[in-house]
Amino acid sequence: MSFDSTASPVSVWKEEDVIEKARVRAFVVILRTIGCWWSRERGCTMCGYNTASEQRVGLEDLRAQLNKALASYKDEDLVKIYNSGSFLDRREIPVEFIDDVLNAFPGARRILFETRPEFVTEKALDQFQADRISVAIGLESSNDAVLDNCIRKGFSVGEYARAAEMLVERGIPLRTYLLMKPPFLTERQSIEDVKRSVLFASRFSESVSINPVNVQKNTLVEGLWRRGDYRPPWLWSLVEVLKTTGKYNETRVFSSPSGGGTPRGTHNCGKCDRKVLEDIQRFTFSQDPSEFGQSRCECMIEWRTLTETQDVMSTSVDVPRYLSGAHDLE
């Protein structure tokens with residue numbers, strides 16, 4: 001059955017990003033495909049893309065989506081192509097479509113796409129010029145136990161390292177995504193896991209994007225969240241990571257939180273969320289920890305107390321306010 005690209009147009013938007021330390025305009029395209037193969041096998045605990053269409057999306061369908069997106073393209077320097085899965089998985093993206101994408105944006109300095117590491121092979125990379133592309137891989141954590149038990153990622157840290165080394169050898173820039181606070185980790189455990197993961201991923205990566213969990217529909221995480229057994233990470237936790245990781249080996253470390261300041265996304269008390277998110281946005285481009293120098297709120301006391309007590313109480317959710325000491329602020 002053919003995909004109806006007219007009824008379901010691609011999502012397109014523009015944002016700012018960085019190429020070789022220079023701030024540039026980016027053109028983002030979300031292609032609708034059959035989706036990630038792993039989501040159909042088992043799926044990650046936090047990923048809502050497991051509800052992707054099971055309809056086969058053919059070459060002409062993808063070309064129609066691309067042509068529709070091109071109507072909004074205005075020679076942005078960076079083009080980011082996402083398909084809720086792996087751009088190098090031929091079940092999602094036919095090999096013929098690769099040239100269509102490369103030829104569609106001749107003026108772009110770089111085209112970024114995402115893939116799982118199992119699809120990063122010599123044969124797959126032979127299709128590209130190293131100076132034209134950037135590859136993104138969602139490692140999520142450098143701890144295999146976290147990948148298996150908390151995220152259910154379906155690959156190992158070693159598989160990521162193999163793919164990353166292949167990209168480095170070819171001079172292809174790598175962007176690594178890390179997940180902040182997967183289920184079953186406390187706030188402090190998640191902070192320390194991300195710090196270690198940044199240090200590991202920076203060995204291979206031009207940039208590392210820290211993605212705090214955003215509770216997506218029809219996921220294991222949403223089930224935990226609805227019954228009160230999960231809370232997305234505090235913004236203060238993200239700030240701590242960004243302030244202390246800084247740059248490792250000239251790697252840019254940043255975050256663009258999806259759903260930030262909402263109950264499903266990374267948030268604080270509500271009063272300070274907007275200010276902290278603005279600080280994070282500035283840091284994303286300046287890489288200057290002093291951006292957080294003026295970030296203060298009474299809820300920091302509650303956050304600090306929680307990071308000290310959750311491990312002892314064996315819980316990854318916020319303990320009641322009267323136990324945290326936050327009542328002293330009222």
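Points worth noting:
- Both numbers refer to the Cα atoms of the stretch 8-162; Rg and Dmax are 15.7, 45 Å.
- Unpaired cysteine residues in the chain (no second Cys Cβ under 4.7 Å): C36, C150.
- Rough spin-label spacing in nm, given labels placed 7 Å along Cα→Cβ, for F285 and S72: 2.0 nm
- Working from label points 7 Å from Cα in the Cα-to-Cβ sense, the S258 to R162 distance is 2.7 nm.
- Average accessible surface area per residue within the chain, 1.4 Å rolling probe, Å²: 44 Å²
- Cα-based reach from K80 at 13 Å (exclusive), listing aspartates and glutamates while leaving out same-chain residues under 8 positions away: E15, E16, D17, E114
- The stretch 109-243: proportion of alpha-carbon pairs further apart than 17 angstrom, %: 59 percent
- Normalised contact order of the stretch 94-139, rounded percent, pairs of Cα under 8 Å and 6 or more residues apart: 47 percent
- Computed over the chain, relative contact order equals 13 percent, with contacts defined as Cα pairs under 8 Å that lie 6+ residues apart.
- On full extension, the segment bounded by D99 and S11 gains 29.6 nm, given 0.36 nm per residue less the C-alpha separation.
- Per-selection Kirkwood Rh - the stretch 89-182 (Cα, Å, 1 d.p.): 14.3 Å
- Assigned charges on the beta-carbon of Lys, Arg, Asp, Glu; the chain dipole about Cα centre (debye): 340 debye
- Working ranking of peptides 158-170, 123-135 by packing, defined as the average number of other Cβ atoms within 10 Å per residue, highest first, is 158-170, 123-135.
- Value of relative contact order over the stretch 108-263, rounded to a whole percent, pairs C-alpha under 8 Å and six or more apart: 21 percent
- Cα gyration tensor of the chain - equivalent ellipsoid semi-axes, whole Å, descending: 34, 22, 19
- Solvent-accessible area of K217 with every protein chain in place, 1.4 Å probe, in Å² to the nearest 10: 140 Å²
- Whole-percent carbon and sulfur share, accessible surface of the chain, 1.4 Å: 48 percent
The values are calculated or read from the model by the stated rules, or taken from the named source; none is laboratory data. On a predicted model such as this, the values are computed, not experimentally measured, just so you know. Here the Cβ is made from the backbone with ideal geometry for all residues, glycine too, and neighbour counts use every protein chain on show. To get the accessible areas, we keep the full protein, side chains included, count just its heavy atoms, and leave off ligands, DNA and RNA. Shrake-Rupley method; radii C 1.70, N 1.55, O 1.52, S 1.80 Å.
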